[in-house]
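Following: one structure in structure tokens, then a few remarks.
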Amino acid sequence: MNPVTGRDSRLIRLCSIKDRLRRTFADKANDFTLTLNTLSLAISGLEGDVEEQLRLVQRLSQSLPPLEAFLETIETIDAACAEANIEENDHTTYTYDELAYEFGLVQSSVSKKLSFLENQMVARNMTNLTPIQLEEFESVFRHFDRHLRNALSEIEFSAALASLGLVYDEHEMHAVFEETSGRRDTVSFEQFIKFMVEVTEDQNTAEQVFQSFREVADGKVCTLVLIAVSQIFALSRQLPYCLFSTLHHFVPNLFPSQQTLTHEIEKKTALRHRIRSTTQSRARRSHRPAQTISTRPTSFTT
């Protein structure tokens, strides 16, 4: 056989193998991209009832593992193309790195949407909280969910509570976390909201306190009870405006109005500022060097 003919035959066979690899990669890459685009459109077009949206996103989420396995197949073909020194592919505009990046975006989008809808279902059933409280708690939860798992680790849970003004020492925090999480590694959004509901319910408002006393006293509110309640709140230095107003309504001679109290505080604050300013001024004058009195006779012009 002619050596030249043999070499040409090997080159033709090599070119055929390379072209087959290019086409195989391109077909799978193009199909993969089409599926990603379909998922993205499905996520962005969600509307209607929350439960229906949740069911749809759950089905979309179930399609991600097979899609990830398909991406691994594309990676294998891409490695074969690299081994064959294939640098360009005229059959597709996509590379494996671009496909992996786009898949990560879709995966993150589905995960966030799923978490959002699940949290909406939880929040909808929490009638004990006001919409403002729900929004605040959900915002805090999302902020400290660093890994986007819709769950908080013990450190994240502790930081979230601290941001809401609930601070525990290390031992207490661990006990609270164990109880809230059911002795698991993380606290879910539902568990977090239930914990906040319990904490919020424990912090009775002034109206709830007075209503309890009214029920016990058969509708009669005595001055002694009002004074006792006011002392309890005063000890915590958290006398609510509504309680102060109620105390002023029932016992005006013992409790001034909120406006009067504010005016008195402003007067005392201004007085303290004047006293401090006067004291500082005297202190500065006391440190000045003594003025030299001139002994030169004064001349008068007539």
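The values are calculated or read from the model by the stated rules, or taken from the named source; none is laboratory data. This is a predicted model, so every value here is computed, not measured. Using ideal geometry, Cβ is built from the backbone for each residue, glycine included, and neighbour counts are taken over all protein chains shown. Surface areas here come from the heavy atoms of the whole protein model, side chains and all, with no ligands, DNA or RNA. Shrake-Rupley method; radii C 1.70, N 1.55, O 1.52, S 1.80 Å.
List of remarks:
- Packing rank of 161-174, 14-27, 112-125, where each peptide gets the mean count of other beta carbons within 10 Å, highest leading: 112-125, 14-27, 161-174
- Packing rank of 145-151, 88-94, 194-200, where each peptide gets the mean count of other beta carbons within 10 Å, highest leading: 194-200, 145-151, 88-94
- Cα centre as origin, Lys/Arg/Asp/Glu Cβ charges: the range 117-185 dipole, Debye: 320
- The range 35-166, accessible surface, carbon-and-sulfur percent (1.4 angstrom probe): 51
- Since only N89, F116, V140 are under comparison, the one whose Cα sits farthest along the positive direction of the charge dipole of the range 7-155, derived from C-beta charges on Lys, Arg, Asp and Glu, is N89.
- Compared with the alpha-carbon gap, the fully stretched path from E170 to E47 is longer by 39.9 nm at 0.36 nm per residue.
- Per-residue Karplus couplings for the range 108-120, computed as 6.51 cos²θ - 1.76 cosθ + 1.60 with θ equal to phi - 60°, are listed in order as 5, 5, 5, 4, 5, 5, 5, 4, 4, 5, 4, 5, 5 Hz, Gly and Pro entered as x.
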